[in-house]
Amino acid sequence: MSLTRVHDAWAFRFVAMASPCELLVDTDDRAEADALGRIAQAEASRVEAAYSRYLPGNVVHRINHAGGAPVAVDDETALLIDYAAACHQMSGGRFDITSGALRRAWKFDGSSRVPTAAAIEAALAHVGWHRARWADHVLTLPAGMEIDFGGIGKEYAVDRAAGLIAGRTQHAFLVNFGGDLFAAGARVGDRPWAVGVDDPTRPGEASVYRIEIKRGGLATSGDARRFVLHEGKRLGHILDPRTGWPVEDAPSSVTVLAPTCMEAGTLSTLAYLEGPGARAFLEREGVTFWVL
Amino acid sequence: MSRSVRGRAALVLLAATLAVATAGCATTVHPWDRDLLAQKRMQLVPSPMLHAVDQHVYFSKEGSTGGDDVGGGGCGCN
Amino acid sequence: MRLQLTRPEPPSPIRARLRAAACLLLASSLPSAAHAEAGGTSSLDTSLLIYGERQRADVLEPTVRFTRLFASGQAFSAQVGYDVITGASPTGAVPSGAIQTTTSASGVTSSVAAGEVPTTTFHDKRLALDMDWRQPLGTVLTSTVGGHFSREKDYQSVGGSAKLALDVMHRQVTITAGAGINRDDVFPVGGTPQGLTDGTGPTDPARQAKNVTDGMLGITRVVSRRWLVSLSGTHTAESGYLTEPYKVVSQIDTTSGESVGQLTESRPGARTRNDVLGTSVYHLGEDVLHLSYRYYWDDWQLNSHTFDVKLRHDFNERTYWQPHVRYYTQTPAWFYTTGLVSVAPLPDFASADYRLGPLRTATLGATVGFHMGSAPGEWTVRGEYMRQSLKSPSQGEGGGEGGDDARKGASTSATAPTSAFNLQVPPLDIVSVVVGYSIQF
Amino acid sequence: MRGWIRAGCLLIALCIVPTTTRAAAAPVVGTPMPRFNLPAVSGTVNSDSLRGHVVYVDFWASWCDPCRRSFPWLRALHENYAAKGLVIVAINLDKDRVAAERFLVKYPAPFKVAFDPAGGTAEAFHVQAMPTSYLVGKDGRVLETHAGFDSKQVAAIEQRIQKECAP
């Protein structure tokens, strides 16, 4: 955790959800930046604790270990599940929080190891939101199925933190949790925030784009860090739950600007799942995007 | 026919027209059906200020004035 | 009879649905500034009227209105307006030296007047304050009390009004009753001249009072989910000094057709006005249609019809436009005259004020409402073109019906002026622009 | 003037007569709460599942100003009494779900929100004004109803809720 001065703004940095996180506040007031940074950190930690699938005792753990029994969930979780269900429905099944079993079959370690067809087939039997029963705060998953908020949790944490901070400050700020971010307002002098998009081939080293935004959520989907090489093809870690295979001929990076980080994240994921049709999809949706 | 009789006749005619028109097609409008009526543009006088400016212009340019605003309509909320 | 409104699916279903889903999630789980927003809400409306008559008066009128709603349904509003009027106003005298007349057996002549209408130039400022307070009394009664004050160089008006609205039939019908009193004082520069004199005589230095009382009764009815109608009537009694001190009446020598003199005008000391106003507001699905009709009559024999149509079309939540058409027509007051026959005995009352003449006004205008980017507040810009003209007796109901029978039936046996000629003046063109800005906070 | 009064009375009579016969009575208090099963923000809300709880049913719409004023209070009510067994069900009567969702963005509702665009539930509850709320006891009977939202009544309602929630 650190507080540093970056381009006339204070940057509060910490690590959460296995990612570098930061809050930029457009102010000279160090104490205020520190207080707001702690809010961001607390919220990131809270969302991580509540929805990480690695932490025993939380609601995700309870659902994934219910063994076919119904699980009642709290209001916030219900809302998240509703959101995921809505995304599943509007994406025709491409977006699915139950694709965890597939993710265990695939190891995206940069090697060329690909699971066998039988292994994929077996995993697919435990995938599919349509198999879940979801009504009135109660979720029932067939035994062996799992849910995973990995696809939306970080974006959710960004929007939540931004919402909490917005209620506490008049200054412009930017929340960035591992590359998913939300900018709240233009900086002093109506200046935008400048955001660099990583070169997918050299993540963390070079930016290929500089995006300027004043307000909105920005999220990127791609195979920047995790992929396998298969028959000369680079397969990204985003799996199509309908086939069990990574999306073929997908762009290496899709960045979308939307009113909230959640929307940006979901749209970039859905675009990525379109494979070569990513660009056409985003054009159809009429959003601002950058595809590499 | 004198003017005042004509005036009263006009009033009664207008009243009758209104009553018949509204009685014929009146439907019960439930409190929760007043979404459109609650809109500002559905008020009898959507902008009191522009209305006042108008009335002032007409008052100073014409021989007759009047036509007071009345209450009613709106969201019907409590 | 309920119309079902069907909307086509938006062209980008995923983005729109995603937006709704994200809003739902974030809104429900996040605290917001809702606590701060609760309680009263206030709005501030400002407008600037720019009004110009061709070759006559120009008016600049900034207005500010503040409204505050309180938690238990009370509302307070205050409005301040300031007008600056400069330019010329017709005196009532006929255009000089350009009258062609033809005498007839009736003694009434017809003529055409060309050239400039005599006017006086003036510069005046007026300050007007209005305030009202609305107070619910229980669940179905609402009272409103208001006060009014305005002041200019030679005129002051103070008044108050009270209104009571009763909701019946589950608020589908509202009955409104109200009353108001107003006290005006006129104190012309140089004193008040005697009526129908040449103005050189002694003037009255005292303030001239004018008292106005009115009562109104109205009913508003919700006909359907998208239709609202209302009908109201007002009865107003005015007494006191109702004359315009600076207006004059020409005396015409009917043989030469020349104006031989000017007399100050004189009006009766009482006037009883009535009007009925019917209004309909109909929601067409996307557009809203406002229709109104007013019938007005008074014991000066001035009757008028006013038709008003506005159609508001919303392009989206932030932009709309509203075309407006208005038509107004009136019969002249019984003592209205274009000019007096110089050799005839003086009538009791006479005025050549065109506003009491066989006047017609046609108005065509449009309002545009919009928001500036993401900045708060709504802007409105309205432009209107008004054309006022005096009807000749052959047109419409003007003059013809104002015969002696009607006059005597409703009024005293005062003598009416006989017009020396029929006046034809070019129509008056008026252009006005209102720029408004409203913000809620 | 007398003619005026006569004409006014005639008009008022004409306007009122056509609807007098449709006036609905409002029984409700003391009777069992009408049953409903409505789509909610998450899943559905079924009145049967509320049995045994003190329930506060609030009918609202996005275009209704007093409803807007009532939401922060409902929120506070939820925060203070949810743990003591109070269930708040805010039934939205907007025809347009998007309008309701926009409202919820501005006025967050951590309690149950259900949607009844057709208004059938409101009809069953004999809703007379917007908003109208019903306090329902553990036995499922309506204890009291409140038409409109008046900040002066809030304390009395809270007292009653406190009393009903007491074990």
>> Quick check on this structure: which one of C:Phe349, C:Phe307 is within 14 Å of chain B (Cβ to nearest Cβ) and touching a Lys or Arg at 6+ places or on another chain (Cβ under 8 Å)?
In response: C:Phe307
>> Go through (1) assigned to a strand (DSSP E or B); (2) within 13 Å of chain B (Cβ to nearest Cβ); (3) farther than 21 Å from C:Met386 by Cα for C:Tyr295 and report which single condition fails.
In response: (3)
>> Name the residue that is farthest from the chain's Cα centre (by Cα), counting only residues in the stretch C:305-346 that are crowded, with 23+ Cβ neighbours inside 10 Å and among the small types (Gly, Ala, Ser).
In response: C:Gly339
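Residues are listed down the side, and each one gets a yes or a no for (1) under 17 Å from the mean Cα position of the chain (by Cα); (2) modelled with pLDDT of 90 or more; (3) not in a loop (DSSP other than H, G, I, E, B):
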residue	(1), (2), (3)
B:Val5	no, no, yes
B:Ala16	yes, no, yes
B:Val20	yes, no, yes
B:Asp35	no, yes, no
B:Val53	no, no, yes
B:Phe59	no, no, yes
B:Asp68	yes, no, no
>> Out of the strands (runs of 3 or more DSSP E) lying entirely within the stretch C:131-245, which hold 1 or more residues that are in contact with a strand residue (DSSP E or B) (Cβ under 9 Å, 6 or more places away or on another chain) and within 21 Å of C:Ala270 (Cβ to Cβ)?
In response: C:155-168, C:173-186, C:208-224, C:227-240
>> Quick check on the stretch D:62-79. Is at least one of its residues surrounded by fewer than 17 Cβ atoms within 10 Å (Cβ to Cβ) and either more than 19 Å from D:Lys152 (Cα to Cα) or among the small types (Gly, Ala, Ser) (or both)?
In response: yes
>> Can you say whether C:Tyr328 is in contact with a helix residue (DSSP H, G or I) (Cβ under 9 Å, 6 or more places away or on another chain) and either in contact (Cβ under 8 Å) with a residue 24 or more places away in the chain or among the acidic types (Asp, Glu) (or both), as far as the supplied structure shows?
In response: yes
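Taking the stretch A:114-167 only, how many residues are of a type in the set (D, E, K, R), within 27 Å of A:Pro246 (Cβ to Cβ) and in contact with a Leu (Cβ under 8 Å, 6 or more places away or on another chain)?
The initial filter retains those residues of the stretch A:114-167 that are of a type in the set (D, E, K, R), namely A:121, A:131, A:133, A:136, A:146, A:148, A:154-155, A:159-160.
This time we only want the ones that are within 27 Å of A:Pro246 (Cβ to Cβ), so: A:121, A:131, A:146, A:148, A:154-155.
Filter once more, keeping what is in contact with a Leu (Cβ under 8 Å, 6 or more places away or on another chain): A:131.
Selection size over the stretch A:114-167: 1.
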> Applying the selection to the stretch D:101-140, what residues are aliphatic (A, V, I, L, M) and buried (at least 19 other Cβ atoms within 10 Å of the Cβ)?
Replying inline: D:Leu104, D:Ala109, D:Val113, D:Ala114, D:Ala122, D:Val127, D:Ala129, D:Met130, D:Leu135, D:Val136
> For the subset of the stretch A:18-28 comprising residues that are more than 14 Å from A:Ala161 (Cα to Cα) and touching a residue at least 24 places away in the same chain (Cβ under 8 Å), which member is surrounded by the fewest Cβ atoms within 10 Å (Cβ to Cβ)?
Replying inline: A:Ala18
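With A:Phe177, A:Phe149, A:Phe182, A:Phe173 as the choices, which residue is surrounded by 24 or more Cβ atoms within 10 Å (Cβ to Cβ), within 12 Å of the chain's Cα centre (by Cα), aromatic (Phe, Trp, Tyr) and more than 10 Å from every other protein chain (Cβ to nearest Cβ)?
A:Phe177
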>> Testing C:Thr86 on (1) exposed (fewer than 15 other Cβ atoms within 10 Å of the Cβ); (2) among the hydroxyl-bearing types (Ser, Thr, Tyr); (3) modelled with pLDDT under 80, one condition comes back false. Which one is that?
In response: (3)
>> Suppose the filter is over 20 Å from the mean Cα position of the chain (by Cα) and charged (D, E, K, R); does A:Glu32 pass it?
In response: yes
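What is the residue count in the stretch A:167-180 for residues that are closer than 18 Å to A:His7 by Cα and part of a strand (DSSP E or B)?
4
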>> Looking only at residues that are of a type in the set (Asp, Glu) and surrounded by fewer than 19 Cβ atoms within 10 Å (Cβ to Cβ) in the stretch C:180-237, which one is farthest from B:Lys40 (Cα to Cα)?
In response: C:Asp198
> Could we say that A:Ala157 is of a type outside the set (Ser, Thr, Tyr), part of a strand (DSSP E or B) and touching a residue at least 12 places away in the same chain (Cβ under 8 Å) here?
Replying inline: no
>> Which pairs turn up if I take residues in the stretch A:206-218 that are at positive phi and look for partners that are assigned to a strand (DSSP E or B) and not charged (D, E, K, R) with beta carbon separation below 7 Å, at least 6 apart in sequence or on another chain?
In response: A:Gly216/A:Ala183; A:Gly216/A:Leu257; A:Gly216/A:Ala258
> Which pairs do you get when a residue that is on the phi > 0 side of the Ramachandran plot, found in the stretch D:144-167, comes within reach of a residue that is at pLDDT 85 or above, reach meaning Cβ atoms under 6 angstrom, with the pair 6+ apart or on two chains?
Replying inline: D:Gly148/D:Pro66; D:Gly148/D:Ala129
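The values are calculated or read from the model by the stated rules, or taken from the named source; none is laboratory data. Keep in mind that this is a model prediction, so the values were computed, not measured. Because the Cβ atoms are built from the backbone with ideal geometry, glycine has one as well, and the counts that use them run over all protein chains shown.
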